[in-house]
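Colleague: Can you keep this structure in mind? I'll have questions shortly.
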Amino acid sequence: MKILFIADPLESFKIYKDSTYTMMAEAAARGHQVYACEARELAYEAGEVSAPVARIEIVGSDQKMWFRRDAAQERALTAFDAVLMRKDPPFDLEYVTSTWLLELAERAGARVFNKPQAIRDHSEKLAIGEFPQFVAPTLVTKSAERIRRFHAAHGDVILKPLDGMGGMGIFRVREDAMNLGSIIETLGEDGRRSIMAQRFIPEIKDGDKRILLIGGKPVPFALARVPQGTEIRGNLAAGGVGRAQPLDARDQHIAATLAPVLWDRGLLLVGLDSIGEWLTEVNVTSPTCFREIMDQTGFDVAGMFIDALEEAAGRASSTTAG
């Protein structure tokens, strides 16, 4: 297959932990042709979506010299057997625009994973509202008064923006309500932006678990990202330490419930986040943690992903041909 990765600059990859690199390496090892471009390079003209794409050869595991890149050539996205959208957030208007462009390419016959509409329709924070049976007490609002009432009812809460990533902008407010007003003003930009409030989940001390769903099936291991020191955030980008562990019974129940629903919507790869027994996020833009799970357990996450991609791309090709 010819596989196009739409990703951040390759020079920015930290290949010892980058899931997109891991996908590329597995695809190349199987003999697939790997290409890359950036989302900012997508363009629509004369009825087709194209980009200057470069053939990528994986040449080693040295951080500074892991790939060789051919000269970029303008190619329509329909020229590829699979197009993988792996651009990292923030999920801003430019990200949304890229999903519109990818949807135009899809209508022309491109096979895009995850499905652009599904990416756009799933707020990674707010999507949990579709599965309330798994969600701790949660509020989303612009109203400072409603947030204050929520805090008074639950005493110890987490406040966060709806478009954050890597743990950025997350605050804990305890029973004394210290700085609650200031945090609401800062996150909510004086009532112009919505804020998510959730009852604090003490099990965060055991880690914020990343559960990967691939092709409608769960990876049997989660990565618990454990906060360090006085930090409340387990995100690896915020200094958390990743600890791979088998899915427990609650993890399996959440995964079994969500996996077929999300797969039917065209989400080949999903990263569920859970703390204790509670679902906290449904990540669909650029889920990670392949490398950490593979290194600690030996389970071939990348192999499972490329297996699912081959099957999905082949099925999409047969449908298009028919």
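The values are calculated or read from the model by the stated rules, or taken from the named source; none is laboratory data. Just so it is clear, the model here is predicted, and its values are computed rather than measured. Cβ placement follows ideal geometry from the backbone for every residue including glycine, while neighbour counts extend to all protein chains displayed.
Colleague: Filter the range 91-127 down to residues that are in contact with a helix residue (DSSP H, G or I) (Cβ under 6 Å, 6 or more places away or on another chain) and basic (K, R) and give me whichever is surrounded by the most Cβ atoms within 10 Å (Cβ to Cβ).
Modeller: In this case the residue turns out to be R111.
Colleague: Can you tell me which residues in the range 106-140 are free of Cβ contacts under 8 Å to residues at least 60 places away in the same chain, small (G, A, S) and touching an Asp or Glu at 6+ places or on another chain (Cβ under 9 Å)?
Modeller: Once the filter is applied, which keeps residues that are free of Cβ contacts under 8 Å to residues at least 60 places away in the same chain, small (G, A, S) and touching an Asp or Glu at 6+ places or on another chain (Cβ under 9 Å), the range 106-140 yields only S123.
Colleague: Being touching a residue at least 60 places away in the same chain (Cβ under 8 Å), more than 20 Å from R111 (Cβ to Cβ) and charged (D, E, K, R) is the filter here, so list the residues in the range 66-98 that pass it.
Modeller: Residues satisfying the conditions are D88, D92.
Colleague: What are the residues in the range 35-88 that are assigned to a loop (DSSP other than H, G, I, E, B) and among the acidic types (D, E), if any?
Modeller: The answer is E38, D62, D70, D81, D88.
Residues are listed down the side, and each one gets a yes or a no for (1) within 23 Å of the chain's Cα centre (by Cα); (2) surrounded by 17 or more Cβ atoms within 10 Å (Cβ to Cβ); (3) aliphatic (A, V, I, L, M):
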position: R192; (1), (2), (3): no, no, no
position: I195; (1), (2), (3): yes, yes, yes
position: D206; (1), (2), (3): yes, no, no
position: A222; (1), (2), (3): yes, yes, yes
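Colleague: Give just the number: which of (1) farther than 18 Å from G266 by Cα; (2) among the β-branched types (V, I, T); (3) modelled with pLDDT of 95 or more does T99 not satisfy?
Modeller: Of the numbered conditions (1) farther than 18 Å from G266 by Cα; (2) among the β-branched types (V, I, T); (3) modelled with pLDDT of 95 or more, the odd one out for T99 is (1).
Colleague: Follow-up question, since we're still on this one. Restricting to the range 128-164, what's the tally of residues that are surrounded by fewer than 19 Cβ atoms within 10 Å (Cβ to Cβ) and part of a helix (DSSP H, G or I)?
Modeller: Residues meeting the conditions: 13.
Colleague: Moving on to the next point. Within the range 19-26, is there a residue that is touching a strand residue (DSSP E or B) at 6+ places or on another chain (Cβ under 8 Å), hydrophobic (A, V, I, L, M, F, W, C) and without any contact (Cβ under 8 Å) to a residue 60 or more places away in the chain?
Modeller: The answer is yes; a qualifying residue exists.
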